[in-house]
Amino acid sequence: MSRQSGPMMMSLAAASLLVPTPAIAQEQMTESVCPDNTPAVFHQCALEAAQAFDPPRTPDGQPDMGGVWNLPGTAFEDIEEHPEALDDGGGPTSIVDPSDGRVPMRAWSDSRRQENNQAHMHPSAACLLSGMPYTMYRPGPYQFLQTPEHFVVLASRAHAYRAIPLDETPPVGDSIQLWNGASNGRWEGNTLIIETANLNALPWIDQRGRFYTEEVRVVERLTLIETDTIHYQVTVDDPNVFTRPFTIALAYRRNTVDGFELIVEACYENNDTLVDIYRAAGFTLYPGITAEEAREATEADQ
């Protein structure tokens, strides 16, 4: 098999894992104060709508985000604007800052991103955890659960879940690195802010091979702008790879189907059958890059 045919085979092999289901396709929600799911349009509308909305609350007085949520759009394919393709639904950029909708990658890191797509399989194809922020915009519905002490995220894909403490949990220490990192949350007014560090830098940000180092910091902001819509913002900051922080904004829409339950799409780590297909096409598992290696690449690029 030629090297040029590798990306095509990669796309076909992973289609069942990576393409969106019809339930979460990009669409407009007409019964909403901010019906347009286009990230830049929704973001501006949501910032204003949140100021006027008094959300339903849990017994401890915090905004109640419990329930099942769908996420329209195709950020998991490419967080930048991208056309429809073989295994891509296509869609607008999900980046609202910078305003040009582009990821502010350093020159060497953008070249490395392109090399990643040619040399490595997407980590999710091996049924490895998706990391942050990718876990929060993978295909499929999500379920949010709340207690005064924790905010829990359940997802149907690859057994992905997060249990985020909302108290003064001590840091886990710089020596510990995890696929989804270590997260802590807190309420600021009606917004839940979640800060994540200690990521192992082995996942990607999207299917285009965008990456980060173990020194990345991820900050999420979740705000109800109406009963059935959450304004989700996530800022990624890793000066080793990016020239400045950038922010993604998306709309979570409540699933209002009575009795709806998440379907677990079983997936086991190092999915041998699919991984063997990738390896036969010449791909390997992404090895990650350290902050030190990234800084050396930046210096060499100057």
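A few points about this structure:
- Sequence-distant contacts, meaning Cα pairs under 8 Å at least 6 residues apart, place the relative contact order of segment 144-234 at 18 percent.
- For the chain, the relative contact order is 24 percent, taking Cα pairs closer than 8 Å that sit 6 or more residues apart in sequence and dividing their mean separation by the residue count.
- Estimated from helical segments only, the mean residue ellipticity of the chain at 222 nm is -6000 deg cm²/dmol, where each DSSP H run of four or more residues counts as -39500 (n - 2.57).
- Here the label points at SER175 and ALA119, each 7 Å from Cα along the C-beta direction, are separated by 3.1 nm in the simple model.
- Simple spin-label estimate for ALA300 and ALA280 gives 3.4 nm between the two label positions (7 Å along the Cα-to-Cβ direction from each Cα).
- The H on the amide N of TYR286, modeled in the peptide plane, is under 5 Å from the matching H of MET121, each at least 5 residues off or on a different chain.
- Comparing GLN51, GLN146, GLN118 in a Gaussian network model of the chain where C-alpha atoms under 10 Å apart are linked, the largest mean-square fluctuation is found at GLN51.
- As a rough guide to protection, the peptides 245-257, 198-210, 101-113 ranked by mean Cβ packing within 10 Å, highest first, stand as 198-210, 245-257, 101-113.
- Counting beta carbons within 10 Å around each of VAL241, VAL234 and listing the fewest first gives the order VAL234, VAL241.
- Taking GLU261, GLU215 and counting other C-beta atoms within 10 Å, the order from fewest to most: GLU261, GLU215
- Gain in span if fully extended, ALA266 to GLN44, counting 0.36 nm per residue against the direct Cα distance: 76.2 nm
- The gain in end-to-end length when the GLN51 to ILE193 segment is fully stretched comes to 49.5 nm, 0.36 nm per residue minus the alpha carbon separation.
- Per-residue extension of 0.36 nm, minus the Cα-Cα distance of ALA85 and VAL33, leaves a gain of 15.5 nm for this segment.
- Entry for Cα extents along the principal axes in Å (calculated from the structure that is shown) out of [x] 57, 39, 36; [y] 68, 43, 40; [z] 103, 48, 31: [x]
No lab work stands behind these numbers, since they all come straight from the coordinates. Only a predicted model underlies this, so the values are computations on that prediction, with no experimental measurement involved. As a convention, Cβ positions derive from the backbone with ideal geometry for all residues, glycine included, and neighbour counts pool all protein chains shown.
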